[in-house]
1. Quick one: helix 114-134 against the long Cα principal axis of the chain, what's the angle to the nearest 10°, folded into 0 to 90?
2. Could you tell me the relative contact order of the chain? Use alpha-carbon pairs under 8 Å, at least six residues apart, and round to a whole percent.
3. Between Ala91 and Glu31, what is the label-point separation in nm under the 7 Å Cα-to-beta-carbon projection?
4. Between rounded, prolate and oblate, where does the chain land on the alpha carbon gyration tensor, with a ≥ b ≥ c its root eigenvalues, rounded for a/c under 1.5, else prolate if a/b exceeds b/c?
5. For the residues Asp34, Asp64, what sequence is obtained by ranking on other C-beta atoms within 10 Å, fewest first?
6. Any idea what angle helix 54-74 forms with the longest principal axis of the chain, computed on alpha-carbon atoms, 0 to 90 degrees, nearest 10?
7. Determine, from the Cβ-Cβ distance of Ala14 and Glu101 and an R0 of 25 Å, the FRET efficiency 1/(1 + (r/R0)^6), rounded to the nearest 0.05.
8. I'd like the FRET efficiency for Ala134 and Ala76, computed as 1/(1 + (r/R0)^6) with the beta carbon distance as r and R0 of 30 Å, rounded to 0.05.
Amino acid sequence: MKTPKRPCTPSSPASPGTRSALFSALKRDLELHDRIEEQVFDPMVEAHLKTAGFQARDKQAHEDVEAALARLDALAIDDKDWAPSFLAMQALLLRHVADEEVNIFGAVRKHVSAGALEALGQQMRAAKAEQHKAA
Ligand SMILES: [Fe+2]
């Protein structure tokens, strides 16, 4: 998943239907991304870096974002609390992405061979393609 160049603005004048469709697509993509990360990436990181607790920390961050997504799901798309709840979810997500990019990816690049990283990339692409087919 690419990190957005700038945060989304849920108060933009998108129609409720457009907002709902975009939110559904975002939620599906985030859930799919989290599953692949937990099934493929996290075990490799744990094995190569001996970073005790990384998997638990990543899983907790995913659960926090998923809970925030569930709170959004429970709100009507035009509810006055929807935009603030979206921003709260976005803040959790961006904090997690920054943690991964700064603390994890740097360590992975330093300690995992180029061949192992290439194999990991292939595994993640295959898992993504498989889950897209299943969705
Ligand atoms: Fe993650």
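Each reported figure results from applying straightforward, stated rules to the coordinates on display, with no laboratory input. Because the structure is predicted, anything quoted here is derived from the model rather than measured. Cβ coordinates were reconstructed from backbone atoms using ideal geometry, including for glycine residues, and neighbour counts include every protein chain displayed.
1. Its long axis makes an angle of about 40 degrees.
2. 33
3. Modelled inter-label distance: 2.6 nm.
4. Prolate is the answer for the chain, as a/c is 1.5 or above and a/b outweighs b/c.
5. Taking fewest neighbouring Cβ atoms as first place, the list is Asp64, Asp34.
6. Approximately 10 degrees, to the nearest ten.
7. The calculated FRET efficiency here is 0.30.
8. E(calc), rounded to 0.05, equals 0.50.
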